[in-house]
Amino acid sequence: MFNKIYILATLIFFVSCSSTQDLTPQKSNSSSNDGITPILSDDFPFPTSSTQGLAKLYKGNSAHVNGVFISKDGLFLTNYSSVLEYMASASQPDNSFFQKGIAAPTKNDEIPLQGISLLIEIEQTDITEEVRKEITDLSPNFEIFQSIQKQKNLLINERRGDRTDLLVEIQDSYSGLKHLMTVYAIIKDVRLVYAPSLNIDKTNSSSSEYIFNEITDEYAILRAYKAPDGSSKEYSPENIPYSPNHHFPISLQEPENASSLIALGFPNKTYRLETSRAIRFYNEQLNPTIISSYRIYLEKEDTLAFYDDNYSLKSIPNRFNIAQNVQFYKTAQDMISEYDVINTKAIQEQEFLKWVESDSSLPQTYSQLLDYVNQAYDIAEQTSDIYFTSNYFNNFSFLDNLASIYSSYIKSLESINMQTELDSLRNVTLQSHQNLLSQTNVNAELFMLKKFLLSFATVQEQQKPLILFDLFNETAGTDLEAFSIHFVDEIAPISFLFDLDKAQEALLSNSLYSDPLFGLLDEILFTHDSSYQSYILHYAYLFPAQQVYNRARLEQSFTSKIKPDATSLLSFNVGGFNHTMSSSDDSYFYTTNDFSGKTPGTALLNTTGELIGIVTDEINHSVLGNYVYSEKSSFLKALKITFILEELNKTVGTEKLLEELGH
């Protein structure tokens with residue numbers, strides 16, 4: 001769901017790791033399902049060094065995919081989505097690397113993946129007391145926020161010291177009741193070893209739905225490298241294979257024969273501790289806007305791909321990610337409705353209130369907590385529709401960028417005192433306009449504008465920008481889609497946004513606002529900024545109330561019903577083979593692990609710490625477990641390691657890879 005500005009202090013630095021260690025379970029495992037648990041728990045069934053056998057795959061400034069080391073020389077098994085950028089960039093209309101696949105016969109043939117790093121967790125510590133040591137019961141909310149931020153920065157600097165080779169991160173859990181520090185090593189040289197052949201080429205790649213179905217269950221094998229001195233460096237021919245502190249041996253055991261299956265990975269954010277009002281907000285307001293906006297964007301992108309074979313292949317990574325999000329939120333909507341999640345949470349809240357009423361020793365404020373949460377969402381709903389609609393339009397539209405050039409020009413006029421400065425500003429503005437216009441498919445952008453105007457038309461009347469209110473106020477009883485098409489077709493041909501000569505004339509005559517298209521886009525920009533300022537006010541009510549509510553729930557006599565939320569920290573769960581679910585494809589199996597959240601790359605281990613499977617299907621009906629705990633949602637769909645070995649055996653050029661894996 002929407003990430004609510006959870007307090008996160010992150011500084012990025014680097015560390016190198018080496019040496020190996022055998023894995024031997026330290027604790028006996030049961031098949032009971034105890035929820036998602038950070039690995040710092042005393043119940044973690046393996047030596048802590050085994051946690052360095054996993055890593056997050058880091059692209060840009062975010063980590064979306066996980067994976068597991070499977071050899072002493074740094075082979076890394078992960079999801080196919082990790083190599084999409086390379087496969088797309090290397091492909092041409094008549095030479096699809098997706099279709100050919102990749103199999104590097106030797107280490108010298110492995111392909112550097114630019115912009116990809118691996119984050120290896122080397123430390124996870126509960127620092128709640130240290131973070132909150134200056135907070136008292138009388139501290140107001142703003143002082144609490146400032147104190148927490150100050151302590152986090154101090155603790156990060158203290159842990160890092162003079163080192164410049166560490167990534168140190170502090171995350172909140174239980175709505176900020178708990179604070180965990182994680183320290184990562186980073187590997188900066190990652191190379192592609194193997195990617196299976198997929199049926200994707202210029203004839204079918206224009207369909208986002210098709211490429212999503214082809215890619216979502218697939219895997220890839222990478223290798224991590226380090227400098228000869230053991231440090232982490234960018235790609236260099238002199239770099240040598242990285243030796244992880246631990247790698248997981250591959251097992252040929254059939255999953256159904258394992259007494260227990262341990263899921264180990266980095267599950268993303270879940271929302272089990274959210275209130276019924278929060279889920280209703282997501283379900284009725286936020287998610288529909290996200291789905292609608294993503295679908296508009298995908299329709300535009302698929303249309304461009306249909307008419308351009310090269311773009312069809314190059315845009316696969318972006319369109320796959322968007323299609324994945326559409327599927328996730330759509331599945332979430334279906335699950336919330338089918339399993340009556342909102343009502344389930346409302347019943348839990350009634351139990352909470354009964355408990356508060358029955359115990360006079362509890363603080364009186366406990367009975368008001370849900371009222372504060374409701375008040376927060378009342379505030380959010382006053383501007384949420386227009387904020388999120390305008391936000392997604394601005395994110396997806398080049399028209400927004402074109403309009404921003406001239407909105408910035410108008411603001412800059414306030415500080416212009418000389419004609420030479422004005423001339424220079426106009427020249428810079430026109431140059432920026434020309435550069436952006438050369439990258440813009442005007443017809444595609446106007447198509448998307450027409451679609452988004454329909455979304456703006458459905459926004460509550462009190463939230464509509466004045467220009468949109470006036471526009472749609474005249475459409476009562478008419479076909480809104482036809483009206484939007486006609487309106488855009490009428491104003492686009494006369495706009496200076498698509499004609500540099502007209503733009504220059506508008507600058508010289510100070511008549512920018514005479515252009516109806518610019519006026520519309522500028523109003524959307526202004527509305528987005530102002531609605532955001534109103535929307536974020538609800539956090540001042542929500543965070544304190546949510547925090548105290550969760551603390552109170554943990555005091556309840558029926559706390560066994562509360563399952564921990566995932567926060568993308570390295571976590572584990574003990575489950576077993578799921579005998580009630582089966583796949584039509586026997587290369588997959590289902591487990592009973594309670595490991596919700598998007599969990600791509602999660603490892604499935606047997607009790608001796610051998611790798612039996614890996615999660616490649618990133619979205620399925622276990623999405624329900626993001627919101628409530630239930631046995632129905634406690635499952636993982638995993639790809640059998642034995643299937644991967646069988647596929648490698650059938651592929652030319654994998655002999656040395658199989659030898660390294662011991663098969």
Relative packing of 101-111, 325-335, which averages over residues the other C-beta atoms within 10 Å, highest first: 325-335, 101-111
Theoretical gain in end-to-end length, F306 to K107 [0.36 nm per residue, Cα-Cα removed]: 67.9 nm
Leading residue at positive end of dipole, the chain (Cβ point charges), from P493, N257, Y297: N257
Mean Cα-pair separation over length for the stretch 216-318, i.e. relative contact order, pairs under 8 Å, 6 or more apart, %: 11
Cα lying deepest toward the dipole's positive end in the stretch 338-496, options L369, S412, T389, charges on Cβ: S412
Cut-off 11 Å between beta-carbons: net charge of the residues surrounding S96, Lys and Arg +1, Asp and Glu -1: -1
Magnitude of the charge dipole, the chain, Cβ model with Lys/Arg +1 and Asp/Glu -1, debye to 20: 1180
Gained length - A540 relative to E256, 0.36 nm times residue gap less alpha-carbon distance: 97.3 nm
Percent RCO, i.e. relative contact order, over the stretch 252-389, from Cα pairs under 8 Å lying at least 6 residues apart: 37
Highest-first arrangement of 544-555, 569-580, where packing means the average Cβ count within 10 Å: 569-580, 544-555
Total charge dipole magnitude, the stretch 385-454, about the Cα centre, Cβ charges on Lys, Arg, Asp, Glu only, Debye to nearest 20: 200
By average C-beta atoms within 10 angstrom, highest first, the peptides 353-365, 168-180, 438-450: 168-180, 438-450, 353-365
Efficiency of FRET from Cβ geometry, Q92 and Q419, R₀ 60 Å, rounded to 0.05: 0.75
Most positive-pole-ward Cα, L192, A220, S147, against dipole of the stretch 93-251 from beta carbon charges: L192
Neighbour cut-off at most 12 other Cβ (10 Å), DSSP loop, trypsin sites (Lys or Arg not before Pro), the stretch 585-663: K650
Net charge of Cβ neighbours under 11 Å - reference T580; Lys, Arg +1; Asp, Glu -1: 0
Solvent exposure of the chain as accessible area per residue, Å², 1.4 Å probe: 43
Under 13 Å, Cβ to Cβ, from E121 - net charge with Lys/Arg +1 and Asp/Glu -1: -1
Computed over the chain: relative contact order in percent, which uses C-alpha pairs under 8 Å that are six or more apart: 23
Centre separation in Å (Cα based) which lies between the stretch 149-187 and the stretch 393-462: 39
Integer Hz, Karplus 6.51/-1.76/1.60 couplings in order for the stretch 275-292, x for Gly and Pro: 7, 4, 5, 5, 5, 5, 4, 4, 5, 9, 10, 6, 4, x, 5, 4, 4, 4
Part-to-part distance (alpha-carbon centres) for the stretch 246-281 and the stretch 601-655, which is given in Å: 10
Value at 222 nm in deg cm²/dmol, rounded to 500, when DSSP H runs of n ≥ 4 in the chain each add -39,500 (n - 2.57): -13000 deg cm²/dmol
Inter-label distance for D378 and K100, nm, one decimal - labels placed 7 Å from Cα along Cα-to-Cβ: 6.3
Cut-off under 5 Å, modelled amide H: who pairs with K178 long-range: S173
19 Å reach of a label modelled at N199, 7 Å along Cα-to-Cβ, counting backbone N of the stretch 83-125: 95-102
Label-point separation, D165 to V428 (7 Å along Cα→Cβ), nm: 4.2
Listed pairs K269/K345; K72/K650; K226/K640; K100/K650; K100/K269; K330/K451 exceeding 26 Å between Cα atoms: K226/K640; K100/K269
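The values are calculated or read from the model by the stated rules, or taken from the named source; none is laboratory data. Only a predicted model underlies this, so the values are computations on that prediction, with no experimental measurement involved. Quick reminder, even Gly has a Cβ in these numbers, built from the backbone with ideal geometry, and neighbours come from all protein chains shown. The protein model used for the area step is the full one, side chains on, heavy atoms only, and it has no ligands, DNA or RNA in it. Shrake-Rupley method; radii C 1.70, N 1.55, O 1.52, S 1.80 Å.
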